[in-house]
Amino acid sequence: MTVEPDVPDRIAPKRLYVVGDPGHYWLAVMKCPCGCDSDIQLPLSGNDWPRWSVDGADSAPTLRPSIHRTTGCRSHFLLRRGKVVWCR
Ligand SMILES: [Zn+2]
């Protein structure tokens, strides 16, 4: 997991970016792990729903709840301790 002050221009695969200040992250960004090359943005703060939380070590972050894309590849997966777990 990489902390960025702003949304990164280039998203590398297999990497989770969190945007904000340490302790005050507002967005998580990652490439879809299915290989479709889509960028996924997940709000981490505010009153938007759905909203995700990230915890765990920087090297092995956990995102809750699961990520279920409603467009494109429609992937449904968890990020648990840095590993993608597919939901089927
Ligand atoms: Zn995908």
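What follows draws every value from the coordinates through simple rules; no lab data is involved. All values derive from a computational prediction rather than experimental measurement. Cβ coordinates were reconstructed from backbone atoms using ideal geometry, including for glycine residues, and neighbour counts include every protein chain displayed.
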What size of dipole, in debye to the nearest 20, comes out for the chain about its Cα centre when the only charges are +1 on Lys and Arg C-beta atoms and -1 on Asp and Glu C-beta atoms? 600
Exposure proxy check: Cys32, Cys73 ranked by fewest other beta carbons within 10 Å? Cys73, Cys32
Which number do you get for Rg(Cα) / (2.2 N^0.38 Å) in the chain? 1.00
For the stretch 2-86, the charge dipole (Cβ of Lys, Arg +1; Cβ of Asp, Glu -1; about the Cα centre) points to a positive end, and the Cα of Leu27, Pro13, Phe77 closest to that extreme belongs to Phe77
Using DSSP, restrict attention to beta bridges with both residues in the chain and report what percent are antiparallel, rounded to the nearest 5. 85
